[in-house]
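Undergrad: There's a structure below that I have some questions on.
The values are calculated or read from the model by the stated rules, or taken from the named source; none is laboratory data. Here the structure is a predicted model, which is why all the values come from computation and not from measurement. Here the Cβ positions follow ideal geometry from the backbone for every residue, glycine too, while neighbour counts run over all protein chains shown. These area figures cover heavy atoms from the full protein model, side chains too; ligands, DNA and RNA do not enter into them. Shrake-Rupley method; radii C 1.70, N 1.55, O 1.52, S 1.80 Å.
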Amino acid sequence: MAPGRVNLIGEHIDYCDGYVLPLAIERQAVVVGRRRDDTTAKLRSTVMDGEAVFEIDEAPVGLGEPSWSRYLRGVAAFSYTPTGFELMLDSNVPAGGGLSSSAAIEVATATFLEALGGLSFEPVNKALLCQMAEHRFGGAKCGIMDQFISVMGQAGNALLIDCVDYSTRSVPLDPAQLAVLIINTNSPHQLGDAYNRRRASTVTALKATGKAGWREVSAADLEAARSALDDETFRRGRHVVGEIARTTQCAQAMDAGDWPQVGELMYSSHESLRDDFEVSTPELDKLVELAAAMGPDAGVIGARMTGGGFGGCTVTLVRADALEAVQGELVAGYRRDTGVEPTAFATRPAAGARVLTL
Ligand code: GLA
């Protein structure tokens, strides 16, 4: 089984030499299966229609149908599969919610295949092979965040991941003090091409600075390259530079227990994603505005959109004793102002993927 994730800060910079600060959530994909005596793979799902059947000996495995099976096929193509197998996939990570439902499926499949093949990958290698499955079979040129946290999540901690050297640092989140509230706008997110276009524009912006990587780019460097860029591409780059700084500052502020600072950084991250990176939606903005209006007196520390954007969820950090009241008010306010019923749940930071013995 492997969890989905929510990201506290560090959005759209895992493919820009950035840092990210996600935690694994208490929602997961589960793969149950067994070895076969032949070379056939059969995949079914409790939540999605159709059955995928393919031969593990065939190269390449191919994209195939039904479309949900592509993530699993991709992982199978890059894993050690000495025999055929059959499996059933179940998941309670909402699809299209920006909570990494696809990474959870990939990492759960890799975990199943490790057990089946009798070997285990190094955590970084496992995350990278799942990322490659997403690139080649899922169609999104995602960064490393989702697969990393699904593999390496730690109960009680968010993880600051350095997307250059792949090192990680635990950032404690005490559930007795703090609640992580996830609210799904229920306006489905469609990453597809928009995500890949955002990624491409960050490559263009970096090139104009003449630097080898985003870590070396200051706000002044980007400003100096402004005339070589159109306004939109410049703003994409400005988001990257600002978000890298905000993410390291946020991890430090969390260590120091400086919650007002954490809140400010979350709101600035949201504004940058809304105005410069343009991946937010009016529904996400609405939830963040409602949270900001409630403010620290009501127990709200900070809020922002989380994940790829274009719909999906917000993450709100809330004082644990105020959770129920904050959740109730945000849900009611969103329903009142949009006419849409959101889905809200709180999560503790959960552990990463593991084998469950039945
Ligand atoms: C998606 C991708 C991640 C990351 C986020 C945005 O979830 O899969 O790699 O880029 O969007 O932070």
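Undergrad: Would you check which residues across the range 209-236 are hydrophobic (A, V, I, L, M, F, W, C), open to solvent by less than 40 Å² (accessible area, probe 1.4 Å) and away from the ligand (no atom under 16 Å from the Cβ) and list them?
TA: Val217, Leu222, Ala225, Leu229, Phe234
Undergrad: Of the residues that make up the range 134-144, is at least one of a type in the set (Lys, Arg), within 15 Å of the ligand (Cβ to nearest atom), more than 18 Å from Ile13 (Cβ to Cβ) and touching a residue at least 12 places away in the same chain (Cβ under 8 Å)?
TA: Yes, there is a match, as at least one residue in the range 134-144 is of a type in the set (Lys, Arg), within 15 Å of the ligand (Cβ to nearest atom), more than 18 Å from Ile13 (Cβ to Cβ) and touching a residue at least 12 places away in the same chain (Cβ under 8 Å).
Undergrad: Please go through the range 6-43 and give me each residue that is within 14 Å of the ligand (Cβ to nearest atom) and either closer than 25 Å to Glu86 by Cβ or among the aromatic types (Phe, Trp, Tyr) (or both), ordered by number.
TA: Across the range 6-43, the qualifying residues are Tyr15, Tyr19.
Undergrad: Let me ask something else. Condition first: among the β-branched types (Val, Ile, Thr) and more than 16 Å from the ligand (Cβ to nearest atom). Can you find one or more residues in the range 157-170 that meet it?
TA: No; the residues of the range 157-170 include none that is among the β-branched types (Val, Ile, Thr) and more than 16 Å from the ligand (Cβ to nearest atom).
Undergrad: So if I check each of Leu43, Leu87, Leu119, Leu63, which one is out of contact with any Gly (no Cβ under 7 Å at 6 or more places or on another chain), open to solvent by less than 60 Å² (accessible area, probe 1.4 Å) and farther than 27 Å from Leu21 by Cβ? Break it down into steps so the answer makes sense when it comes.
TA: On the way: Leu87 fails: out of contact with any Gly (no Cβ under 7 Å at 6 or more places or on another chain); Leu119 fails: open to solvent by less than 60 Å² (accessible area, probe 1.4 Å); Leu63 fails: open to solvent by less than 60 Å² (accessible area, probe 1.4 Å).
Going through Leu43, Leu87, Leu119, Leu63 in turn, just one is out of contact with any Gly (no Cβ under 7 Å at 6 or more places or on another chain), open to solvent by less than 60 Å² (accessible area, probe 1.4 Å) and farther than 27 Å from Leu21 by Cβ: Leu43.
Undergrad: Is it fair to say Glu65 is away from the ligand (no atom under 16 Å from the Cβ) and within 30 Å of Asp165 (Cβ to Cβ)?
TA: So Glu65 fails the test.
Undergrad: Could you list, in sequence order, all residues of the range 237-261 that are open to solvent by less than 30 Å² (accessible area, probe 1.4 Å) and farther than 26 Å from Arg198 by Cα?
TA: Ala253, Met254
Undergrad: Further question on the same structure: Only one of these conditions is not met by Thr314: (1) of a type in the set (Val, Ile, Thr); (2) more than 25 Å from Ala140 (Cβ to Cβ); (3) open to solvent by less than 10 Å² (accessible area, probe 1.4 Å). Which number is it?
TA: All conditions pass for Thr314, except number (2).
Undergrad: Before we move on, is Ala353 in a helix (DSSP H, G or I) and of a type in the set (Gly, Ala, Ser)?
TA: The answer is no for Ala353.
Undergrad: Oh, and also: Among the residues of the range 154-173, write down those that are under 10 Å from Pro349 (Cβ atoms) and assigned to a loop (DSSP other than H, G, I, E, B).
TA: Scanning the range 154-173 gives Ala155, Gly156, Leu173.
Undergrad: Which ones in the range 1-40 are open to solvent by 40 Å² or more (accessible area, probe 1.4 Å), part of a strand (DSSP E or B) and under 30 Å from Val203 (Cα atoms)?
TA: Selection gives Tyr19 alone.
Undergrad: Just for the range 293-308: of the residues that are without any contact (Cβ under 8 Å) to a residue 60 or more places away in the chain and buried (at least 17 other Cβ atoms within 10 Å of the Cβ), which one is nearest to the chain's Cα centre (by Cα)?
TA: Ala303
Undergrad: How about the range 104-150: which of its residues are of a type in the set (Lys, Arg) and not in a loop (DSSP other than H, G, I, E, B)?
TA: Within the range 104-150, Lys126, Arg136 qualify.
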